[in-house]
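One structure is given here, and the rest of the page talks about it.
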Amino acid sequence: MADIIHLLPDHVANQIAAGEVIQRPASAVKEMLENSVDAGSDEISLILRDAGKTLIHVIDNGNGMSDTDARLCFERHATSKIRKVDDLYSLHTMGFRGEALASIAAVAQVELKTRLAQAEVGVRILIEGSECKVQEACASPKGTSLAIRNLFYNVPARRNFLKSNQVETRHILEEFTRVALANPGVRFTLHHNDIQLFDVRSGNFRQRIASIFGNQYNERLVPVEEDTSIVKLEGFIGKPEFARKNRGEQYFFVNNRFIKDNYLHHAVNAAYESLIPKDAYPSYWLNLQLDPSTIDVNIHPTKTEIKFVDDKSVYAILRAAVKRALGRFSISPSLDFDQERSFDLPLEKLQSAPIAPTVRINTEYNPFRPETMHLPKQEVPSVRAWPVTDSRAAVSWNELHRRLDERTSVSQEEIAVDELIHFLEEAPEELFNQTGAGVVTVARPDRVLLVDLKGALERIQFERYEAALDSKPMHTQQQLFPQRMQFSPLDAALLEELLPELRKLGFDLAPFGDNEYVVHGIPADLSSGQEKDVLQELFEQYRNNSDRLQISSREQLCRSLARSMVHKSMRQYSGKELRRILIDLFHCKNARYSMQGKLIVKEAGEPELLRWIQSGI
Ligand code: ADP
Ligand code: MG
């Protein structure tokens, strides 16, 4: 048989290698920004087109490169930062492998212009798919300008794999934020499609946080500082009352590079224990300086995870330092009257009078008397043990046995929706109850209906929003006194993108410049004053979910809004309201499932009730 093994041509090998380093425009942005920082720049501009798909252009005023280096930097394993393996362990920064530019050059059209401070002219190089097309002298300011055009132009499979511009932009903003936070001494600007999204001036860490997340953050930060022989720790944590619903604002930097570390995250969380609700996430921006020989940076290919030699000590120090900072903060009187977010109590506590404990014991219960039944706890854990007293609902044992015998299948049958809606419309409101855990119970003579209230409300809102985007825009209540709302640049960028859809959903917002918006109208079912919370939560939900789930951004918007609206409106409902909610629910296209696809309606007919009873009360 003929020989069949052959070596891959260089450009193919490079493309394959590139896949590991450059997965999407955001990965190129990260590598380019970090190179500019490493080159000692104090001003770096990032210019994007079409979420970086068409253009990523980074201009810095750093050291620049010589003619030879400018050519060499695109070769694989070309780096000025390490010479021998040992260097990997003594680096003060991380992630140097001399692969980034080679990878980028393999999958894009690249234009580099660079000049050393002492050189009279600079050099311009054009590379396409690893092939150098032009190298010439050119006039250029000191520093480096690197433009990446049409990323993945020669790898269509990868290009098609990219997500929508919104999603890719968000990834870029996240990388930009990380690098900008790690280097507060450097001024960064960011333009996307000719719109300036950021201009963050050089300053201290606190100012950097405020210029990225919004000036209101100044009030929310508690400084953390600790200097030990193992680690030097500095940075900020968020005051407990500003803890968020999602992990949006959690940043660890080790030796000035962003890292992810669940173990350290746990240390911070542990320090917040009992200060914030269980489902809330503390914000933190923490910088750890360690001797580079005590960390291993090469554990993860995209270099955001690292390994500490002495992770237990780092954990203990971190937790203690955060705890101490929180303690110091809470004993000093807080003069912060301008609270934008209230402490996140569980909803029932916030919005309704206290309700009595919900487990009721039927003292009359007697297993040998036909009129009393219990739903066993293990079937419906959060529903109260429920004595059937309504005579219509009391089914006699004999009757149940008789009907069961007649049936061949005991599977749960679906009630025809029309019949169900008809029943709900006719049913007296006393039949509708809401348990403390948010389950709606409805007793029919021949069956019991259980509905997850929150899931139901979300489903109803979600389908309304979908309809609003399709054809019937939501009703807007115009505000008599339009309020202004200030957003962080990140939220403002997202808001800008979502504005047309938000209009259809009832939010009438007009930009006022500088990340500020004027609220002319809000959805009719939202109370005035809640719009900011709802929007902020919407953005968080949207940002956190849209890149993970394989769903359209439109659906994502409807989901996020439904969730944040329902979050705001959860309370104890009257029987009459519950009836309305269930009727609305069963008018939905997908009434039985939550937005996440969880079953939210459970019915038990006689066979099920009988099985519950027989399975041993
Ligand atoms: P690494 O950063 O791991 O060394 P890269 O492929 O990112 O590898 O870059 C290769 C080399 O190109 C760097 O080591 C550096 O010498 C040079 N370089 C890249 N970007 C710049 C820049 N903006 N300014 C000056 N030199 C740069
Ligand atoms: Mg690099």
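Just list whichever of Lys278/Lys307; Lys245/Lys312; Lys260/Lys323; Lys113/Lys133; Lys245/Lys598 have alpha carbons separated by over 24 Å in the model shown. Spell out each step's value before the answer.
Numbers: Lys278/Lys307 28 Å; Lys245/Lys312 28 Å; Lys260/Lys323 21 Å; Lys113/Lys133 14 Å; Lys245/Lys598 21 Å.
Violating the 24 Å Cα-Cα cut-off are Lys278/Lys307; Lys245/Lys312.
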Exercise. Once amide H atoms are built 1.01 Å from N in the peptide plane, which residues 5 or more positions from Glu43, or in another chain, come under 5 Å H to H?
Worked result: Asn61, Arg187
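Checking the table Lys53/Lys142; Lys239/Lys568; Lys239/Lys472 against a 30 Å threshold on Cα-Cα, which pairs fail? Before the final figure, lay out the partial values.
Working: Lys53/Lys142 27 Å; Lys239/Lys568 22 Å; Lys239/Lys472 42 Å.
Beyond 30 Å: Lys239/Lys472.
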Exercise. Which value, in debye to the nearest 20, describes the size of the charge dipole of the stretch 197-290 about its Cα centre when Lys and Arg Cβ atoms bear +1, Asp and Glu Cβ atoms bear -1, and nothing else is charged?
Worked result: 300 debye
Problem set entry | ³J(HN,Hα) computed for each position of the stretch 141-147 - Karplus, 6.51 cos²θ - 1.76 cosθ + 1.60, integer Hz, glycine/proline x | x, 4, x, 9, 10, 10, 10
Exercise. Which distance in Å, rounded to a whole number, links the C-alpha centroids of the stretch 1-76 and the stretch 218-278?
Worked result: 32 Å
Problem set entry | Under 5 Å, built H, 5+ apart or other chain: amide partners of Ile259 | Phe252, Phe253, Val254
Exercise. Amide H neighbours of Leu197 under 5 Å, counting only residues 5+ apart in sequence or on other chains, H built in-plane at 1.01 Å?
Worked result: Leu190, His191, His192
Seminar exercise, completed: Reduced to Cα centres, the span from the stretch 497-511 to the stretch 581-613 in Å works out to 34 Å
Problem set entry | Relative packing of 490-502, 586-598, 29-41, 519-531, which averages over residues the other C-beta atoms within 10 Å, highest first | 29-41, 490-502, 519-531, 586-598
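Using the per-residue mean of other Cβ atoms lying within 10 Å as a proxy for protection, in what order, highest first, do the peptides 112-119, 532-539 fall? Before the final figure, lay out the partial values.
Values: 112-119: 18.8, 532-539: 20.9.
Highest-to-lowest ranking by the protection proxy: 532-539, 112-119.
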Exercise. How far apart, in nm, are two points set 7 Å out from the Cα along the Cα-to-Cβ line at Asp50 and at Ser313?
Worked result: 5.3 nm
Exercise. Using a probe of 1.4 angstrom, how much of the accessible area of the stretch 461-558 is carbon and sulfur, in percent?
Worked result: 48 percent
Seminar exercise, completed: Row for the stretch 436-552, column shape: gyration tensor on C-alpha, a ≥ b ≥ c, rounded if a/c < 1.5 i.e. under 1.5, prolate if a/b over b/c, else oblate; value prolate
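Dipole magnitude of the stretch 478-600 about its Cα centre, charges +1 at Lys/Arg Cβ and -1 at Asp/Glu Cβ only, in debye to the nearest 20?
Numbers: 17 positive and 16 negative charges, 169 e Å.
The dipole magnitude comes to about 820 debye.
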Seminar exercise, completed: Descending packing, highest mean Cβ count within 10 Å first, for 605-614, 98-107, 128-137 is 98-107, 605-614, 128-137
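The values are calculated or read from the model by the stated rules, or taken from the named source; none is laboratory data. As the structure is a computational prediction, the values presented were derived from the model and not from experiment. As a convention, Cβ positions derive from the backbone with ideal geometry for all residues, glycine included, and neighbour counts pool all protein chains shown. Please note that ligands, DNA and RNA were not included when accessible areas were found on the heavy atoms of the full protein model with its side chains. Shrake-Rupley method; radii C 1.70, N 1.55, O 1.52, S 1.80 Å.
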